[in-house]
Amino acid sequence: MQKHSIKNYNIAFIYNHSIDSVSKRKKEFMHVTHSSNQMEECNNSRGELQSSSSRSIPQQHSPSLRRRESKGSSNASFSWIGSNRLVLCLILVTLWAYLGFFVQSKWDQYEKEQELKGFDFHLKNHQDSVVQKSSLFVDNEKVGVNNLVDVVLAKKRENGNISSRKRKSRRFLRSKVHGKEKELEIPLVGPFDSMEDKILKLSTNEKGCGKCDKKSEFAKLVMSKSFVLIFHELSMTGAPLSMMELATELMSCGANVSAVVLSRKGGLMQELVRREIKVIDDKVDHSFKTSMNADLVIAGSAVCASWIEQYIEYFPAAANQVVWWIMENRREYFDRSKDVLNKVKMLVFLSESQSKKWQKWCEEESITLRFQPVHVPLSVNDELAFSAGLYSSSDTEKMNEKRKLLRKSVRRELGLNDNDMLVISLSSINPGKGQLLFLEPAKSVLENESFEDDYKMQNSSKVEDIYTLARRHHLRKLLPMMKDSNSKRVLSNNNGEMKQSLKILIGSVGSKSNKVEYVKSILRFLSQHSNLSKSVLWTPSTTHVASLYSAADVYVINSQGLGETFGRVTIEAMAFGLPVLGTDGGGTKEIVEHNVSGLLHPIRRKGNHVLAQNLEFLLENRLAREQMGMNGRKKVQRMYLKEHMYSKFVEVLVTCL
């Protein structure tokens, strides 16, 4: 700001100097063209003007006469500017400061808007916001797939009183086509942070601030060591959350940890501060110098390729201290990082399928890795594990009661009853997660109609038969395990059991990973099917997910393409005893056992027939649903707790430290 002030002062000085030059030349011209008597009179008039501003000068062409008679003229302005330079500078400085603050505020507003991609809204507090009404405006006519729909989300205060228990607000989703609007209400629910904290009452250790097993091999290796962790962003998605929990575990075991954040967009910064994780600015070479002094640098995404490449160029010997934990499985991520893959010390992957895929791509590109990659699956963090009651202790029964109370409280706030089956998806909203593809079979189930698909493949009936036969075969194994007297109702709802009603909860609204155009396509689809729209709820992105898992009955992970890399949300849902509806590919296939802990279906639209059948089956068979949930919960206890993950990470540390 000081630089701008000096610059403005210089401009004012040059401007006044130019005015003085013009006046000087004008005097010379008048000296040549007028007689000496006229020049003398002019000089006298100038002197009289300085001594008395009220004295009149009869000369018709006198400059002083024009200054007096023309009050708003430019000459009067020039004279004022010449004698009041300091005042002018102060005015210009004030205007420049105002302009700077105005521009800065606009930039801040723009960054906040971009941070909440997909649904553009901002939650200013963490209070419980129960069923908040949102309105979707669409064309009175049908909105076609190719129509241009402008979707924005803005707050509007609701008329009426605000109760002491609930703070109500309205958020409007507006879609305009040819200027016509039609209102369709969509409930936005949560987050339930304060309700979750109030009921569960987790201690500091249980909330994820870490309790290290000092006797473990992992703790012995990292004690007193220095680590730098590279976050590609701070969104509430798998990679940043996993890196945050790794940092927490390292710190709890006595390591010194610093975090380099390449993009601060997202909602995890407050959580990093709460966990006392030191964040280093990625400016100039500051992060490089800090990393040079570390024992090990761990990059947590393929998106970190550019940083790694620049770091190795800056400090070539650093290649021996870089571990690259890659959490993506699409070819586009391989292409952007292939030039650096053979330079780092070791690659770490999340699942066997991901590891095999990347190694195959390396062979195709003739890339020779320095070490054989290591497979380290993710785990359920301590906070969710305690909330789900996975750790056996004297308080396990008490935690189970708390979880039941939390389920009852959240479902009441959602407006659900015991006859509603809540299916949730908490992934970011983009085509790779397949929320729109899931809504198509969900619509057919809700409206009790046969699923029709123009993209149905010729062999789809064979695929459908395979999955159906497999499910029926496993049911014969499930039945003896169900000691309930009503177990015969599992196969059908014709024996008196009431069919449940389907409800769907979609998150994560506000996630940086959301794709705006994909969100629009979902809204267009819902606008065309009012019955489905009434059964769909939306929830914002949050780290407090125990309340949502507790309230749910089924989890759906409908990842497309190569399938989910691993599926952190999958093991979290299984930890809370939820059966999983997932695609038969990627990491989901490794985690979910078909007909044991969930039901699988093929990717793309050819799998929608099977997905509709699986959804209908779980809707009709509560006991089978509960049994699958129990099986999944047991698998998490066997394979996906924190100790399992860090025992796998020991292999990485032994090789690289």
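All of the numbers you see were taken from the coordinates with simple rules; none came from a lab. None of these values were measured; they are calculated from a predicted model. Backbone-built Cβ (ideal geometry, glycine too); neighbour counts: all protein chains shown.
Some points to look at:
- Evaluating 6.51 cos²θ - 1.76 cosθ + 1.60 at θ = phi - 60° for every residue in the range 312-329, the Karplus couplings come out as 5, 5, 5, 9, x, 5, 5, 4, 7, 10, 10, 10, 10, 8, 8, 10, 10, 10 Hz, glycine and proline recorded as x.
- Modelled spin-label separation between Lys289 and Arg264, with each label point placed 7 Å from Cα along the Cα-to-Cβ direction: 2.0 nm.
- Taking other C-beta atoms within 10 Å as the exposure proxy, Asp282, Asp553 rank Asp282, Asp553 from fewest upward.
- Each residue of the range 523-531 is assigned a 3J(HN,Hα), and the resulting list reads 5, 5, 5, 5, 5, 8, 9, 5, 4 Hz, derived from the Karplus form 6.51 cos²θ - 1.76 cosθ + 1.60 (θ = phi - 60°), x at Gly and Pro.
- Taking max minus min of the alpha-carbon positions on each principal axis, the range 187-332 gives extents of 52, 44, 28 Å, largest first.
- Long-range amide H partners of Val189 with built H, under 5 Å: Gln132, Trp538, Thr539
- Extension gain for Lys360 to Met630 (0.36 nm times residue separation, less C-alpha to C-alpha distance): 93.6 nm.
- Interchain or long-range residues, amide H under 5 Å from Ile603's placed H: Asp584
- Under Karplus coefficients 6.51, -1.76 and 1.60, residue-wise ³J(HN,Hα) of the range 629-646 in Hz, glycine/proline x: x, 5, 5, x, 4, 5, 5, 4, 5, 7, 10, 10, 8, 4, 5, 5, 5, 6
- Using the Cβ-Cβ distance between Leu405 and Leu95 with R0 set to 60 Å, the FRET efficiency works out to roughly 0.50.
- Gain in span if fully extended, Ser521 to Asn419, counting 0.36 nm per residue against the direct Cα distance: 33.7 nm
- Distance from the C-alpha centroid of the range 245-285 to that of the range 366-432: 23 Å, rounded to the whole angstrom.
- Taken along the Cα-to-beta-carbon direction at a fixed 7 Å, the label points for Ser647 and Val273 span 3.9 nm.
- For the residue pairs Lys211/Lys408; Lys215/Lys642; Lys265/Lys345; Lys443/Lys520; Lys404/Lys503; Lys225/Lys512, the alpha carbons lie more than 21 Å apart in Lys211/Lys408; Lys265/Lys345; Lys225/Lys512.
- Database remark: amide H of Leu505 closer than 5 angstrom to the amide H of Val423, Ile424, Ser425, Leu537 (H placed geometrically; neighbours at sequence offset of 5 or more, or on other chains; Pro and chain starts carry no H).
- Cleavage-rule hits (trypsin sites (Lys or Arg not before Pro)) in the range 583-644: DSSP loop, at most 16 neighbouring Cβ within 10 angstrom: Arg604
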